[in-house]
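Notes for the one structure printed next.
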Amino acid sequence: MRPFIRTIETLELDGGTLCLNFVNTVRNRFESPLYEFIVTPGDWLLWSHRTQICDASTEQQLSKYISENHDKTIRELKRIIRVRELLYRIFRNIVQKEPPLIEDIRFFNNELSFSFRFLNIEINEKLETSSTWNYKENDLLYTLLPIMKSAYELLTYGLKDHIKECSNCGWLYLDKSKSNSRVWCNMKTCGNTMKIKKYYEKNKILVKKDKTLP
Ligand SMILES: [Zn+2]
């Protein structure tokens with residue numbers, strides 16, 4: 001079996017929630033240095049498209065904005081990546097049952113205030129509620145707003161015990177299984193990789209044992 005290869009086009013969206021999919025936009029959290037999937041504003045737009053953060057018309061506007069505002073979009077992307085790493089630190093602390101750093105919570109609250117300033121709800125005649133964003137700027141930060149909402153919901157909806165870390169790649173995911181027993185970010189990728197690793201390790205041990213026989 002060939003090892004799986006993650007790319008921006010193919011990386012799995014298995015985090016179970018938008019903010020964890022966002023955190024999982026590096027190849028492997030245990031690699032140093034990290035292999036980054038979101039290198040250019042164009043990469044970010046592609047990922048935003050894959051996760052349906054923005055609709056087709058917003059995507060078109062952002063694409064035009066990126067082509068006309070190189071330096072500004074690079075700065076916005078840097079902020080987006082800083083927020084991603086902030087969310088990673090906070091959720092990883094939670095996985096490890098440790099409180100996040102005070103400065104990280106402060107940073108989180110600043111970003112939350114920024115995002116929620118633009119949040120509106122609408123209620124239709126069937127009493128169905130939907131969230132909309134009253135964000136007038138036509139820039140990349142628009143895509144951060146639903147991510148911060150998702151992070152807020154994950155922190156406040158009593159789901160903390162269901163946030164897990166894949167032991168093969170370090171991706172974080174929300175375990176939605178009834179038994180709360182999901183072990184990998186993805187069974188087909190990391191699950192199989194770990195099974196193969198274990199198989200070879202076991203056989204190596206058997207071979208070593210054979211060699212020690214008289
Ligand atoms: Zn994994």
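Just a few scattered comments:
- Ordering of 97-106, 5-14, 150-159 by packing [mean C-beta count within 10 Å, highest first]: 150-159, 5-14, 97-106
- A Gaussian network model of the chain, with springs between Cα atoms under 10 Å, assigns the largest mean-square fluctuation among Asp43, Asp175, Asp71 to Asp71.
- Counting charges near Thr17 (Lys, Arg +1; Asp, Glu -1) among other residues having Cβ under 10 Å from its Cβ returns a value of 0.
- Against the empirical 2.2 N^0.38 Å (N residues), the range 19-99 has a Cα radius of gyration ratio of 1.21.
- Cα-based helix-to-principal-axis angle, 192-212 vs the chain, degrees rounded to 10: 20
- Of the GluC sites (Glu not before Pro) found in the range 28-87, those in coil by DSSP whose Cβ has at most 12 other Cβ atoms within 10 Å are Glu31.
- Unpaired by the 4.7 Å Cβ criterion, cysteines found in the chain: Cys19, Cys54, Cys169, Cys190
- Comparing Arg50, Arg75, Arg92 in a Gaussian network model of the chain where C-alpha atoms under 10 Å apart are linked, the largest mean-square fluctuation is found at Arg75.
- Contact order, relative form, for the chain: 24 percent (alpha carbon pairs under 8 Å, 6 or more residues apart, mean separation divided by residue count).
- Between the Cα long axis of helix 56-68 and the first principal axis of the chain there is an angle of about 90°, rounded to the nearest 10.
- Contact order normalised by residue count of the range 46-169, Cα under 8 Å, 6+ apart, percent: 28
- Over the Cα atoms of the chain, the radius of gyration divided by the Kirkwood radius equals 1.06; this is the Rg/Rh ratio.
- Cβ-defined net charge surrounding Arg6, 9 Å radius [Lys, Arg +1; Asp, Glu -1]: 0
- Separation of alpha-carbon centers, the range 95-123 and the range 7-50, rounded to whole Å: 20
- The long axis of helix 41-50 is offset from the longest Cα principal axis of the chain by roughly 80 degrees.
Since every read-out is calculated from the coordinates, none of them should be taken as a lab result. Just so you know, these numbers come straight off a predicted model, no measurement behind them. Reconstructed Cβ throughout: ideal geometry from the backbone, glycine too, with neighbour counts over all protein chains shown.
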